[in-house]
Amino acid sequence: MTPTAASAEADSSLEWFKSSYSSNDGPECVEVAIAHATSATVHVRDSKDKHGSQLAFTDVAWSEFVGHARRSA
């Protein structure tokens, strides 16, 4: 699974969702958005740096990541 870097301005129409595991004041704050326009690309960013870098995963790569995280929890 290899994420690709995406600029913060890559798609301003993305609707971002903050992880339910992220606190408002903690150092581990993550937001996720799914772009359906071209394919189900999953974008991930640091919620404290909304204009910073993003990672973009294919839907298959994201599913593998989430599956591994669930099995490892």
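Only the coordinates and a few stated rules stand behind these numbers; no lab work does. Quick caveat, the model's predicted, so the values are computed rather than measured. Quick reminder, even Gly has a Cβ in these numbers, built from the backbone with ideal geometry, and neighbours come from all protein chains shown.
Summarising the label geometry, the points placed 7 Å from Cα in the beta-carbon direction at ALA69 and ASP46 lie 1.7 nm from one another. Of the peptides 41-47, 29-35, 15-21, the ranking by mean beta-carbon count within 10 Å, highest at the top, reads 41-47, 29-35, 15-21.
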